1. Being in contact (Cβ under 8 Å) with a residue 40 or more places away in the chain and among the polar types (S, T, N, Q) is the filter; apply it to segment 233-257 and report the residue that is surrounded by the most Cβ atoms within 10 Å (Cβ to Cβ).
2. Among the numbered criteria (1) over 30 Å from residue 386 (Cα atoms); (2) crowded, with 21+ Cβ neighbours inside 10 Å, which single criterion is violated by residue 131?
3. What number of residues within segment 258-269 are crowded, with 16+ Cβ neighbours inside 10 Å and either within 12 Å of residue 290 (Cα to Cα) or without any contact (Cβ under 8 Å) to a residue 24 or more places away in the chain (or both)?
4. I need the full set of residues from segment 342-370 which are among the hydrophobic types (A, V, I, L, M, F, W, C), under 16 Å from the mean Cα position of the chain (by Cα) and over 9 Å from residue 167 (Cα atoms), in order please.
5. Would you confirm, using the coordinates I've provided, whether residue 136 is crowded, with 24+ Cβ neighbours inside 10 Å, among the charged types (D, E, K, R) and over 16 Å from residue 62 (Cβ atoms)?
6. Quick one: which of 38, 61, 9, 74 is charged (D, E, K, R) and either out of contact with any helix residue (DSSP H, G or I) (no Cβ under 8 Å at 6 or more places or on another chain) or not assigned by TED's automatic domain parsing to the domain that holds residue 111 (or both)?
7. Taking the criterion of being touching a residue at least 12 places away in the same chain (Cβ under 8 Å), farther than 30 Å from residue 249 by Cα and not assigned by TED's automatic domain parsing to the domain that holds residue 135, would at least one residue in segment 270-288 satisfy it?
Amino acid sequence: MTDIHELARKYEDYMIAIRRHFHMHPELSLQEEQTSARIQEELKEMGIPFEVVGHRNVVGRTDFGKPGKRLAIRADIDALPMQEEIDSEFKSVVPGVMHACGHDVHAATLLAAAKCFTEMKDELSGTLFLCFQVAEEISGGGPQEIIEYLNGQGGVDEVIANHMTPALDPYVTSVTSGPANAGNCQWRITVRGRGGHGSRPDLSIDPIRPAAEILQKITSIPSNYHAPFLPLVISPCMIHSGTAYNIIPDECVMEGNIRYFRKGELEEVLEQMQKIASAIASASGAEARVEMIAGCVPVENTPEVTEKVVHLMEEMGLKVERPEFPGMGSDDFGYFTQAYPGCYFNFGASSDRPDAAHNLHNTKLFYEEKGFLPIVEFFVRYAADFLK
């Protein structure tokens, strides 16, 4: 049998090099042209057949030649609209774009695992799908496109995915059974009035004042209308209106996000927001419209799959943290766990650089590279156990 630890170490330099390439050349959601092309080049060189699915998702497929189960591993590949502020030899060369979440690491570790799988063909059975997904940061439909493809191939028995976290040290992981990450909704409320001169509000319909009242009321929904047993967060994060100090504007626009867990809850909350907004706007002679702009469903880890993940991590000597509460952050991997049994987990790679941030989506995010190898080894071990 192959020594998987040594096999993963064999490709550590490759993994670090390709990760640094991705980090230096980040691309925004639905713009992952060069990233997708490079992944295709790497899979082609390995001799792994692949399909380009939807908006540049890449799905590599390895059939091991013997009947067996079917496993999918997902890695997202998009970056964020942020200017990197921490110096390194592989700092982003794209102005205003940065891998501030770790998707460069996700892509690189799955590619390194793919190299390992090419050396283990005789030991495995069934089928392995390597899913490189676009547009996770904006919930841009990548999972739905890949799931449609997988279903067209007969579906899979399980799906797993990792996310990097700078809050944990290398060789430390975090896994939650059941509800793991919140669902997310980006919403917009547009209050439409009638503009006019600031000296004659009586001849206008000011949209700003009802918008301010709407903002206050919708944030009370969790405490006034929602059962307290599962978290619900409604956060207004932007409000835009007006062009000058003496002009009453025609409209005021607010945007924010909802984080939730219970199935059907999002629809209930949006309906409640519309009732509140319409009533307040109408009392002022204005109109209000609530829209869902984008979002994703909660991540629900399958308990049986989660326990297998934890057992393997402990077998590898990793420290496994089991948080008491699910994370309020979101990931569109929830569509995968909605479609198939699966598990979404976190690997730590916190840096001890004094100028490094320890939270995601930060311009000074910096990962410790020694934390990447356990991810490759875990993917290979999990697949080997599942497909042996």
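1. Of all residues in segment 233-257, those in contact (Cβ under 8 Å) with a residue 40 or more places away in the chain come to 233, 245-257.
With the extra rule that they be among the polar types (S, T, N, Q), the set shrinks to 246, 257.
Numbers: 246: 8, 257: 18.
Here the answer is 257.
2. (1)
3. 1
4. 343, 345, 347 - these are the residues of segment 342-370 that are among the hydrophobic types (A, V, I, L, M, F, W, C), under 16 Å from the mean Cα position of the chain (by Cα) and over 9 Å from residue 167 (Cα atoms).
5. Yes.
6. The unique qualifying residue is 61.
7. Step one: list which residues in segment 270-288 are touching a residue at least 12 places away in the same chain (Cβ under 8 Å), which gives 270, 272-274, 276-277, 280-281, 283-288.
Applying the additional criterion that residues be farther than 30 Å from residue 249 by Cα yields none.
Within segment 270-288 (the criterion being touching a residue at least 12 places away in the same chain (Cβ under 8 Å), farther than 30 Å from residue 249 by Cα and not assigned by TED's automatic domain parsing to the domain that holds residue 135), the answer is no, since none of the residues qualifies.
Conditions (1) modelled with pLDDT under 95; (2) out of contact with any Asp or Glu (no Cβ under 9 Å at 6 or more places or on another chain); (3) not hydroxyl-bearing (Ser, Thr, Tyr), marked per residue:
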site	(1), (2), (3)
74	no, yes, yes
85	no, no, yes
88	no, yes, no
91	no, no, yes
100	no, no, yes
103	no, no, yes
106	no, no, yes
111	no, no, yes
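The values are calculated or read from the model by the stated rules, or taken from the named source; none is laboratory data. Quick caveat, the model's predicted, so the values are computed rather than measured. All Cβ positions, glycine included, derive from the backbone under ideal geometry; neighbour counts span all protein chains shown.
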